[in-house]
1. Whole-Hz Karplus ³J(HN,Hα) for segment 364-371, in order, using 6.51 cos²θ - 1.76 cosθ + 1.60 and θ = phi - 60°, x for Gly and Pro?
2. Going from the alpha-carbon gyration tensor of the chain, what semi-axes, largest first and in whole Å, does one get by taking the root of 5 times each eigenvalue?
3. So if I take the centroid of the Cα atoms in segment 151-202 and the same for segment 684-725, what is the distance between those two points in Å?
4. Using a/c under 1.5 as the rounded threshold, could you call segment 392-708 rounded, prolate or oblate? The axes a ≥ b ≥ c are square roots of the C-alpha gyration tensor eigenvalues, and prolate needs a/b larger than b/c, oblate otherwise.
5. If each residue's Cβ is checked for other Cβ atoms within 10 Å, how do GLU32, GLU549, GLU382, GLU209 rank with the fewest at the top?
6. Would you mind working out the magnitude of the charge dipole of the chain relative to its Cα centre, with +1 at each Lys and Arg C-beta and -1 at each Asp and Glu C-beta, to the nearest 20 Debye?
7. Using the 10 angstrom Cβ neighbour count as an exposure proxy, how do ARG108, ARG395 rank, fewest first?
8. By how many degrees, between 0 and 90 and to the nearest 10, does the Cα long axis of helix 625-638 differ from the longest principal axis of the chain?
Amino acid sequence: MKISVIGGGPGGLYFSILAKKANPEFQIDVYERNKADDAFGFGVVFSDETLSEFLSRDPKSYELIRSRFAYWDDLDIARDGQKIRITGNGFCGCSRKTLLQLLQQRCREEGVVLHFEHAVEDLAAFKDSDVIVASDGINSLFRDKQATDFGTTSSLQKNKFVWMGSTRPLDAFTYFFRNTPHGPIVAHTYQYEEGKSTWIFETSPETWEKAGFVTEDEEGTIQKLTELFKEELDGHGLISNRSHWRNFPIITNTVWHKDNIVLLGDAKATAHYSIGSGTKLAMECAIALADAITAHPKDIPQAFQMYEQSRRKRVEMIQHAAKVSLEWFEDMDRHIQQDFLPFAFGVMTRSKKVTLENLAIRDASFTDAVLKDFNKSIGNAETKTPPAFTPYQLRQMQLQNRIVMAPMEQYAAKDGLVSDWHLVHYGSRATGGVGLILTESVAVSEEGKITLGCPLISSQQQIDSWKKVTDFIHQNSKSKIGIQLGHSGRRGAVKRPWEGHDEPIETPWKLLAPSAIPYNSKMPVPKEMDRQDMENVITQFRNAAKNAELAGFDMIELQANHGYLLGSFLSPLTNNRKDEYGGTVTNRLKFPLEVFKAVRENFDKNRPVSVRISANDWANGGITPEDVFEIAKAFQQAGADCIDVSSGYTVSHQKPAYGRMYQTPFSDAVRNSTGIPVITAGTIQDIDQINTIILNRRADLVALGRPLLLDPGFVRNAQAYEQYPAGDIPKAYEAGISHLYPYKLSERKAVEGMKKALKPESHKNS
């Protein structure tokens, strides 16, 4: 088999080594446009996990790399003279130039032919190759020539960065944050060989411009950065190597191969330097590609499919974590305002891969300090209390913990009346210890229902049926219960989800919306609301607020999210009105604010009112972050006590970027840009994630939906897992403590033991 590798970076070279080693009969040629000793950049980073993989695949490469790397277990976070060290992080730095030379050496030893100063511009030169590996980097010529076939997307990110070096020795991976007169700048730094360290400087475009940086002015950049980071450089200078300011590109490909061409390394997918995975990703994918071709040497299409199937999910996970991490740095101006310890904790947990529990296993002294700092900040004398189980107050409503039951539609009401199903549904979560229960959307009118199974609160009978639920909760638990008041708008008159998702019922009622735009092709066209319609809806919400108080609810949440009536006024995708209620976000806010004020004025002033919004429509032309801040501030000024931050479902063609805790960046932005308390939700699954979110100041309260559907005892299990002595367990259930608490303690010890056992062995040179 003849294999031509275009690009002599770490991925292309390592693939060649492994493929040739496993198949000595293969003819493998590597074509590199640069000289053998050319190398852009300074150091690269590998984790202990990656080093273990190298050891198992090619011990000779591993030993060569290991003989030349700089190893560290510690990570430092420094900000304007403050510094804290977190231990237990196994990483190594290696000179990129050295790495390339070592891999070149191994290629020659295995019989791979290397061609340097060989610029390849035409694939016709390789028409006799069985496999062409396009590993020619971010600006891959061969990927771009067939970008449509590969489904290539490339987007430049906001922040500016420049990759430099220094002679300053470092004994830990260090983030140096500096509040400069121009704005915050961070240096990502690590030692990669004796007397050499990498310094990647990053800042916002606004700070970059104010500082007077010029893209290709290396000397000017060095001069400015040396002065700004004088203390951090400690008398050492900066070194440049084609060190121009750039914007990081996120590259993805929906398909990784076409005919006999396969993508590898940055040509295939990029991962932001803030998680140190670019070279790691390239070399791990090189392993998978070599394995696939070795397994199917006579069926290259099958080999390529095997390669893609084995790596795509992993690559996408790393890219997702990298994107979350880079977005954190893009919001550095906001994060850097935090007190130092929560700021440091935020740096460590920014990608959402690392949590409180992970960090406690690595360095308990750090997490103990963060936990103590949090409890002191809220006036809690017990400094080891898990954040989830600390109290929280909105107006006169005191919550016993920070865990919220998110609104989850039951579609079980009959003629708008809740029943014993709802009593058991909400009651069991209350006795299960949830701090705050938010009901499913309760329609303010018949035409405001989503389905025929939605509850109402319009009649005395409906008020009485709800009071049965609230009385039970207040008499048998310390939980509080809030009612979500809503109007379905253009998303109403649909079947229950299990009968047909977003499909209209046979005889739908008249739908209302800000504009005559149906939710999907199956749904009827709604009526564009006139002023009389608006007045009617305001009256319905006003009456519902009064009735909610009579029914004994502790709180009201106004439904202004997910493309329902009020939410559809807020989004430019669903509101194209030409009058005073359309156009600017200020205008789009007018009617929802009118509704909110009617609710607030007709509900007990000692009880809070929150508003649930969609902070992202997940569709082009949708709501912007600036819109979201204005919306949150407007509701806050109108008297809202809290913003429940959700996203999506505004339009049927949305493309959400799901992932663990995927909505927390939105709640973080709202909370820390406006100062209003927030609730977050979205793929939050365990107590560790909840504690991490609250410690991170990304939210004040954390809502769970699906985890509570099949586990009404989620909170009790979490309390036992954390060994937190709950004081609200019903007397009839207290006997269960002697079983659950020891069981969950054993489970936790087992989980922690497994995590420690799975932690890769240290590769530090003895």
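1. Whole-Hz 3J(HN,Hα) from phi for segment 364-371: 5, 5, 5, 5, 4, 5, 5, 5.
2. Details: eigenvalues 522, 182, 136 Å².
Each semi-axis is the square root of five times an eigenvalue, giving 51, 30, 26 Å.
3. Between the Cα centres of segment 151-202 and segment 684-725 lies a distance of 35 Å.
4. Rounded, since a/c falls under 1.5.
5. Working: GLU32 25, GLU549 16, GLU382 9, GLU209 13.
Arranged by neighbour count, lowest to highest, GLU32, GLU549, GLU382, GLU209 become GLU382, GLU209, GLU549, GLU32.
6. Taking the Cα centre of the chain as origin, the dipole is about 1080 debye.
7. On the way: ARG108 12, ARG395 15.
Least crowded to most crowded, the residues run ARG108, ARG395.
8. Rounded to the nearest ten degrees, it is 30.
Rule-based calculations on the coordinates, nothing more; no lab input. None of the values given here were measured: they were computed from a predicted structure. Neighbour counts are summed over all protein chains in view; Cβ atoms, including those assigned to glycine, are modelled from backbone coordinates with ideal geometry.
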